[in-house]
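The values are calculated or read from the model by the stated rules, or taken from the named source; none is laboratory data. No experiment lies behind these values; they were computed from the predicted model shown. Note that each Cβ is placed from the backbone with ideal geometry, even for glycine, and that neighbours are counted across all protein chains shown. Areas reflect the complete protein model, heavy atoms only, side chains present, ligands, DNA and RNA absent. Shrake-Rupley method; radii C 1.70, N 1.55, O 1.52, S 1.80 Å.
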Amino acid sequence: RIKGENALHVIRFLYGWSLQQNDEYVIDKTTTGGVTTPQTYGCNRIFERRSLSVGPRYKLFSDKLYMDAGLGITSNKRQSTLCFPYSHDESFTMLDADISASLTAGKWILGMELSYADEIIGQGPVIVDPVFDPDNGWSRPYRLSDWYRLNHEWETCGKIGAGAFVKRYFRIGKADNLFIRADISLLKGMDLQYINGSTRTGTFLKIGYDF
């Protein structure tokens, strides 16, 4: 923290790591001497997800101005079993940056935000074929493959986002922290091949109370 004459500056370095593993077990029950106990015969990993994110972040606090800006790198690795014995593998690393600011003028607050994200290293999605005799009758999971391809493209494509809001405080009786807020946002994906429509927009109208 760095405290100035009329403002407070906060600089942080963020780190995050997560691991998710889903296993499918083959379980049966056995009864011996009138006592029933579960018996595990084996398991198969059907889904695994790893994620690592790092990056700096800066915040500015003052009487009328608030600003928040950050830069981050996130590495993702996933493996799942679409349908036995095929597996789906993908790994990608994303770079993202964002900045938001708000200005207070009496009972009014005006705000804006900008964001950018893009893939810098990527591999996948890849369907790994089993080493089996093709005469066994297994068929490749084409429909699930298409779904994963659409999901992967939106997650890894370059995206530019922008948004703005206006907030107004008002009073009813003794409640003087009531507010009404209107938001608008836009997110545009770039270089899309499989997804129809590259722009997502949103509008919100909120009425609330600040405690």
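Brief remarks on what is shown
- Cα gyration tensor shape of the chain, rounded if a/c is under 1.5, else prolate or oblate by comparing a/b with b/c: prolate
- Dipole moment magnitude, nearest 20 debye, the chain about Cα centre, only Lys, Arg, Asp, Glu C-beta charged: 1300 debye
- Karplus-derived 3J(HN,Hα) values for the stretch 108-113, using 6.51 cos²θ - 1.76 cosθ + 1.60 with θ = phi - 60°, are 9, 10, 10, x, 8, 8 Hz; glycine and proline are entered as x.
- Value of relative contact order over the chain, rounded to a whole percent, pairs C-alpha under 8 Å and six or more apart: 13 percent
- With every protein chain in place, the stretch 10-96: carbon and sulfur % of accessible area (1.4 Å): 56 percent
- Sparse packing (at most 13 other Cβ atoms within 10 Å of the Cβ) combined with a DSSP loop state is found for the following trypsin sites (Lys or Arg not before Pro) in the stretch 13-105: 64.
- Reduced Cα scattering model of the stretch 66-119, Debye log10 I(q)/I(0), q = 0.22, 0.23, 0.24, 0.32 Å⁻¹: -0.84, -0.87, -0.90, -1.12
- To put it simply, the accessible area of the stretch 150-211 at a 1.4 Å probe is 58 percent carbon and sulfur.
- Listed residues 28, 68, 89, most fluctuating in the chain (Gaussian network, C-alpha, under 10 Å): 28
- Legend: distances between Cα atoms for 107/167; 59/188; 3/59; 107/174; 167/206; 59/206; pairs beyond 18 Å are 59/188; 59/206.
- By a 1.4 Å probe calculation restricted to protein chains, residue 67 has an accessible surface near 50 Å², given to the nearest 10.
- Gyration tensor (Cα) of the stretch 19-77, equivalent ellipsoid semi-axes in angstrom: 53, 16, 6
- Solvent-accessible area per residue, Å², over the chain with all protein chains present [probe radius 1.4 Å]: 70 Å²
- Gaussian network model of the chain, springs between alpha carbon atoms under 10 Å - residue of 178, 186, 52 with greatest fluctuation: 178
- Comparing mean-square fluctuations of 163, 70, 33 from a GNM of the chain with C-alpha springs under 10 Å, the top value falls on 33.
- Between the residues 36, 163, 67, the greatest Cα displacement towards the positive end of the dipole of the chain, with unit charges on the Cβ of Lys, Arg, Asp and Glu, is found for 67.
- For 63, 176, the ranking by accessible surface with the largest value first comes to 63, 176, using a 1.4 Å probe.
- Angle between the chain longest axis and helix 142-156 axis [Cα atoms, degrees, rounded to 10]: 30 degrees
- Helix-derived mean residue ellipticity, 222 nm - over the chain, DSSP H n ≥ 4, -39500 (n - 2.57), to 500: -2500 deg cm²/dmol
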